[in-house]
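Encoded as structure tokens, the structure appears first; notes follow it.
The values are calculated or read from the model by the stated rules, or taken from the named source; none is laboratory data. For clarity, every value in this text was computed on a predicted model and none was experimentally measured. We place every Cβ from the backbone using ideal geometry, glycine too, and count neighbours over all the protein chains shown.
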């Protein structure tokens, strides 16, 4: 207790606004003795119920009526991600434009080998890259293929080719897809707006199991991610070989696709051919069911609420809420920090969580002496300082007069209240700002840092 007493003395006030005698008392004997209620920018206490009911999240946008018809890229009009997906689909399949019926197909199945119907390819790379960069990219791709074909091992780190920084997000996405479609044996990686091209080692591994033609078409199929489409490898009579192909595809891409073996239509004892068919998994497929346009235009969900907590640090409360909601602490925003040893009310906003989902955990968080209410949808997060202030309800216990003060205690209390009401008081930053009950206090650590005394700190 001596250390705490000395600590408090070192941080006691040096001067006062008023000259009244004052009195002694104890605050924060229990959390309920110190109630902090945030005041929002409209001057309202956040613990009061709002009139707003839970807002419904905006409805899913309908898919554009011409989405399935359009095969040509229009970079000026199409949302980028939609354009990226359509380009990939165009390169994998013949155009499904009504003006080109001879290229139509009754089934959305991609077989390995060359299609009889030539695809009308859009020169996306030529339109997005300057001539020199396009030539260097093509040369890089040729070099990789030559080394692989000559069985030359790539020595040292994997070779890379940088397209440089491309600030436009839409342009980057189209380039990623276009490069992988034209050169399936390459992969593209994003690094701080820079696109880096590397050899696709998985492509090379698959070429050890199937023909390069099959590998080429398979990776184009994977990148296109076309709904309801399938990919079929060439017929195979070797069970062990089929097993190896199944194992490779499921090990490398099992979270995205699934494989099954089927006998060919003319299967018999004399022709025991089996084919491996690949299709996108149902879960992954459902994520792609909604149009890219919807994902681009749909707003991020923000849910506002009032948090009541008791005897708990704010960051502990946020961490617990994040765990229950399946988000991360940084998805929460707030206007300011609140005391631990207190009952506090403050406004918060959580991102990527619907009001209904937040209401579902109300019972669970009550066990931690926390409550959430005034739950509603809003358009944006909160910022630090986005409040008018805080309202305090403080209980002072163990009241007594100063030593050698014979005045009536009640009179001293009323005198102090009147002076504070008329003249205000200094916003005192006491020892609680530096942490209590520690052998080394943060004020001493800060002073040592300023002096460069790092050894002393640790």
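Reported count of residues in the range 281-316, each being over 20 Å from the mean Cα position of the chain (by Cα) and modelled with pLDDT of 60 or more, is 13.
Of the helices (runs of 4 or more DSSP H) lying entirely inside the range 313-388, those containing at least 1 residues that are in contact (Cβ under 8 Å) with a residue 12 or more places away in the chain and under 19 Å from residue 34 (Cα atoms) are 314-325. For residue 165, state whether it is at pLDDT 80 or above, over 19 Å from residue 215 (Cα atoms) and either buried (at least 18 other Cβ atoms within 10 Å of the Cβ) or outside the structural domain of residue 216 (by TED's automatic domain parsing) (or both). It is false that residue 165 is at pLDDT 80 or above, over 19 Å from residue 215 (Cα atoms) and either buried (at least 18 other Cβ atoms within 10 Å of the Cβ) or outside the structural domain of residue 216 (by TED's automatic domain parsing) (or both). Residues in the range 418-440 that are assigned to a helix (DSSP H, G or I), modelled with pLDDT of 75 or more and surrounded by 10 or more Cβ atoms within 10 Å (Cβ to Cβ): 418, 419, 420, 423. Only one entry in 246, 176 is at pLDDT below 90 and in contact with a strand residue (DSSP E or B) (Cβ under 8 Å, 6 or more places away or on another chain), namely 176. Residues that are under 38 Å from the mean Cα position of the chain (by Cα) and at pLDDT below 70 within the range 441-458 comprise 441, 457, 458, listed in sequence order.
In a residue-by-residue description of the range 394-410, the property of being at pLDDT 90 or above and assigned to a helix (DSSP H, G or I) applies to at least one position.
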